[in-house]
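For reference, the structure discussed in these notes is given below.
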């Protein structure tokens, strides 16, 4: 009898030890599978990356962290399955505003506007006023060309962070097409001031160049194109825009336009090597 009781106690002890160790083992297995998935994705080995992600998600299907990491990994390679994973994260963590914002961003990337809208409509008032929610709603408003809504959201975000220059820059870009000429002129002046700041110069020059082309203000477009190609971070595409303006608007001979463009092409090729 004592032997039977001792064997039973040993079995119970072993079971208790297994139960205590199992969560740690499963967590280790999941982390290992996710790490392998990262390596396979970096090697562009899609088949093995998917296998590792499947193992990680099956190991702990109720863990939103695992689904979140898997979604982030797939987002890096633009995989179509990312949206399904983002939805699963939100289902597991419905109160997580960053995860809802990530779902909106993924949906907008693939132009799934209904999914992006649905992720925003059932927010509580407290959630809707968080910066992540405001930025997600702003992205949706811009994607759907809802300029007045986007303008109001920019105002709310700037009130929360008055020192964020990127918000000022983005709202000024939006105001370029504002029907009120006072606002559009103020936006153009604001952007022109940003063009003197190295961190924003190239982006602002491209924005004002595009706006001048849309309004068929070709002399202004030519000035911004000249200024853009002189910047250290100008691209080959910027040089091509300038060449087109020189040929089509300024009517310069091809013999004058081609040599500097050919030099830029050679520079671009050497930079890519």
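Rule-based calculations on the coordinates, nothing more; no lab input. Just so it is clear, the structure is predicted and the values come from calculations on it, not from any experiment. Heads up, the Cβs are rebuilt from the backbone with ideal geometry, glycines too, and the neighbour counts pull from every protein chain shown.
Helix-only arithmetic for the chain: the sum of -39500 (n - 2.57) across DSSP H runs with n ≥ 4, divided by the residue total, places the mean residue ellipticity at 222 nm at -25500 deg cm²/dmol.
Over all pairs of different C-alpha atoms in the stretch 60-169, the reciprocal of the mean inverse distance, the Kirkwood hydrodynamic radius, equals 14.5 Å. Between 89, 69, 257, the GNM of the chain built on Cα springs shorter than 10 angstrom shows 257 fluctuating the most. Compared with the dominant principal axis of the Cα atoms in the chain, helix 201-214 is inclined by about 60°. Three semi-axes describe the equivalent ellipsoid of the stretch 165-273; taken as square roots of 5 times the Cα gyration tensor eigenvalues and ordered largest first, they are 28, 18, 9 Å. Between the beta carbons of residue 43 and residue 84, assuming R0 = 30 Å, the FRET efficiency works out to 0.80 to the nearest 0.05. Annotation for residue 236 and residue 160: the two label points, set 7 Å from Cα along the Cα-Cβ direction, are 4.1 nm apart. What is the P(r) of the stretch 21-102, as percent of Cα-Cα pairs per 5 Å bin from 0? Computed distribution, short to long bins: 3, 17, 27, 23, 18, 9, 3, 0. A Förster radius of 45 Å, combined with the Cβ-Cβ distance separating residue 217 from residue 118, puts the computed FRET efficiency at roughly 0.65. What is the list of residues in the stretch 214-235 whose amide nitrogen lies under 11 Å from a point 7 angstrom out from the Cα of residue 248, following Cα to Cβ? In the stretch 214-235, the label zone of residue 248 (backbone N under 11 Å from the point 7 Å along Cα→Cβ) covers 214. GNM remark for the chain: springs join alpha carbons under 10 Å apart, and the peak mean-square fluctuation among 176, 92, 236 falls on 236.
Calculated from the structure at hand, P(r) over Cα pairs in 5 Å bins from 0, in percent is found among [x] 1, 5, 10, 12, 11, 9, 8, 7, 7, 6, 5, 5, 4, 3, 3, 2, 1, 1, 0, 0, 0; [y] 1, 5, 9, 12, 15, 15, 15, 13, 9, 5, 1, 0; [z] 1, 5, 9, 9, 10, 10, 11, 11, 10, 7, 5, 3, 2, 1, 1, 1, 1, 1, 1, 0, 0, 0 as [z]. The per residue volume of the convex hull around the alpha-carbon atoms of the stretch 60-125 is 73 Å³. Ranked for footprinting exposure by Cβ neighbours inside 10 Å, fewest first, 207, 220 give 220, 207.
Largest GNM mean-square fluctuation across 187, 147, 42, computed for the chain with C-alpha springs under 10 Å, falls on 42.
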